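Heads up: the structure comes next, in structure tokens.
Only the coordinates and a few stated rules stand behind these numbers; no lab work does. Given the structure is predicted, the values throughout are model-derived calculations rather than measurements. Cβ placement follows ideal geometry from the backbone for every residue including glycine, while neighbour counts extend to all protein chains displayed.
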Amino acid sequence: MRLALPKGRLMQETAALLEEASVGMDGYDGRSRSYTLKSSTFPELSARVFQERDIPIQVAIGNYDLGICGQDWVEELMAKYPSEDLILLRHFGYGRCDLFAVASIDAGVSSIDGIDKRFDRVRIVSEYQNLAETFALKQRLRRFSVFPIYGGGEVYPPESADIALIAEPSIDNLSRYDLMPLAHIMSSRACLIANRKGLAMADLSQLLSCLQEVEVASEEETVSIPAARSRRKKVPAKDGMVRLAIPDGHLSQAAAAFLERAKVNIRGYVGKEATRRPVIDLPGVTVKVIRPQDMPLQVANDNFDLAITGEDWLRDHLCRFPASPVEKLLTLGFGAVKLVAVVSEGMAASSASDLKDMVRRGLLPRIRVASEYVNIADKYAFDNHLERCKIIPTWGASEAFIPDDADLLIENTETGETLKRHRLKVIDTILDSSACLIGHRGALAHRSKKDTMEHIVSMMKRAC
């Protein structure tokens, strides 16, 4: 029996659920760094810990018999692959969030119909790419584009998107971002899912009995959308305004320290007063905080002129779009990592050639390559002539995939300690990466922006 368990927001309450159900999953808590778990109650049960959005995929393809995750990610998968072998067995009473279609209250439009009439093409951003497309089709939008992002969708409207699909624990949270709800798409809670074939073949009755008998508190599902009221539309930014994107997450503290050294004063970036829209003390410049993974594509789409991201994510973007208008302007010297190809310590391979040889000898049916860097992974497989391979996109916690669910991992590492802890070994170094400043070639040639951008670059260059 194989069970997929979530990291992150659902982890603590899922651990409590398993304890109440007497499943005995030792080490499943925020203190443990292990991704592989065994049950003291069910000796035949093993579990792996994944990022939540990876779990429906892993259960659907049959790598795991059961999984616990949010229903929103189940619906995201089923929106594109409705015939997958995935069954939702039951809901639990925790992990509530609601998926909303939202717009900025400064957009000057207060309804989906108004947005559709106003714009020739409606720009939609979301982590939930498939649900966003389904929503647009159901609303019969005349023309629309869906831009997938890794997160932080609340910061994109109105400048970089007309509609965002975001998940929030409460509708009241939307006002903090100056957003108004246009539609309630779904309510989501933690749920138990199963693989249809695995349910028929494996003896899961005792485990299912434990999980099904756990009592959960019922929750009110109704979400009412108040009448949308937009504020008077703000005066749009001047054409010469330089738009700068700075990173959230693990790069934010180092980026804040670097910007301080560069004498670029930004208020509200880190600390208790942190916001997605901090204020910069440079005339003619606006700032937003977004995911580093999203920056190259956002700069390419002309939503930003400059951005601080990682060279790894720039490389991943350029592997897919070699003619992209994005270019590296500076290497900033912090956030250094190596992008490496790794395998399990127990695998008799020390190079990509060894993996190919294992396929030729019948020791591997194919090479399964797992990575967040899907485009780099695809190019690595092509450059190394890994003819019989399968690319498995992941959303983090990629170490969990090896050795059971992947043979090769393309991953970043800072010290190598995490790889050692999970008994992985490096067989190739693909890239030495650090934070970098990227820019859009068109903006660099823009006369009204050129001086301001050169000033920002020179300030950062002195801090390198």
- Item | Burial ranking of peptide ranges 449-458, 358-367 (average Cβ count within 10 Å, highest at the top) | 449-458, 358-367
- If the chain between SER34 and CYS464 were fully stretched, how many nm would it gain, using 0.36 nm times the residue separation less the Cα-Cα distance? 151.1 nm
- Query: Points 7 angstrom from Cα along the Cβ direction at ARG361 and ASN265: gap in nanometres?
  - Reply: 6.6 nm
- Given the peptides 322-328, 141-147, arrange them by the average over their residues of other C-beta atoms within 10 Å, most packed first. 141-147, 322-328
- Residues VAL216, VAL342 in order from fewest to most other beta-carbon atoms within 10 Å are VAL216, VAL342
- Message: Out of the trypsin sites (Lys or Arg not before Pro) in segment 237-293, which ones are loop residues according to DSSP with at most 12 other C-beta atoms within 10 Å?
- Response: LYS238, LYS263, LYS272
- Which of the GluC sites (Glu not before Pro) found in segment 15-65 are loop residues per DSSP with 13 or fewer other Cβ atoms within 10 Å of their Cβ? GLU44
- Can you tell me the FRET efficiency between ARG143 and LYS197 if r is taken as the Cβ-Cβ distance and R0 is 41 Å, rounded to the nearest 0.05? 0.50
- Taking the Cα-to-Cβ direction at GLU44 and at VAL223 and moving 7 Å from each Cα, how far apart do the two end points lie in nm? 4.0 nm
- Could you give the spread of the C-alpha atoms of segment 232-336 along their three principal axes, from largest to smallest, in whole angstroms? 39, 32, 21
- Query: Rounded to the nearest 0.05, what FRET efficiency is calculated for ASP302 and TYR81 with R0 set to 30 Å and r the Cβ-Cβ distance?
  - Reply: 0.40
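Would you mind getting the Kirkwood hydrodynamic radius of segment 313-463 from its Cα pairs, rounded to one decimal in Å? Mind dumping the intermediate values first?
Details: mean 1/r = 0.0582 Å⁻¹.
One decimal place: 17.2 Å for the Kirkwood radius.
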- Query: Can you give the % of DSSP beta bridges in segment 345-464 that are antiparallel, to the nearest 5?
  - Reply: 0 percent
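Ratio of Rg to Rh for the chain, alpha carbon only, Kirkwood?
Computed over Cα atoms, the ratio is 0.98.
Kindly state, to the nearest 0.05, the FRET efficiency for ASP354 paired with ARG90, given R0 = 60 Å and r defined as their beta-carbon distance.
Numbers: r = 45 Å, r/R0 = 0.75.
With R0 = 60 Å, the Cβ-Cβ based efficiency is 0.85.
Sorted by average packing, counted as other Cβ atoms within 10 angstrom per residue and highest first, what order do 115-121, 97-103 take?
On the way: 115-121: 14.0, 97-103: 23.3.
In descending order of packing, they fall as 97-103, 115-121.
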- Task: Assign one of three labels to segment 382-448, namely rounded, prolate or oblate, based on the Cα gyration tensor with a ≥ b ≥ c the square roots of its eigenvalues; rounded applies when a/c is under 1.5, prolate when it is not and a/b is larger than b/c, and oblate otherwise.
- Result: prolate
- Message: Report the gain in length on full extension from GLU13 to THR331: 0.36 nm times residue separation, minus Cα-Cα distance, nm rounded to one decimal.
- Response: 110.3 nm
- Query: Radius of gyration and Dmax for segment 97-184's Cα atoms, expressed in Å?
  - Reply: 11.5, 32
- Item | Spacing of the two label points (7 Å from each Cα toward its C-beta) at ALA323 and HIS250, in nm | 3.5 nm
- Let me have the 222 nm mean residue ellipticity of the chain computed from DSSP H runs of 4+ only, each contributing -39500 (n - 2.57), with the sum over all residues rounded to the nearest 500. -7500 deg cm²/dmol
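Would you mind checking the pairs LYS80/LYS425; LYS390/LYS425; LYS379/LYS461 and listing those with alpha carbons more than 29 angstrom apart? Numbers along the way, then the final one.
On the way: LYS80/LYS425 35 Å; LYS390/LYS425 20 Å; LYS379/LYS461 32 Å.
In this structure, LYS80/LYS425; LYS379/LYS461 exceed 29 Å between Cα atoms.
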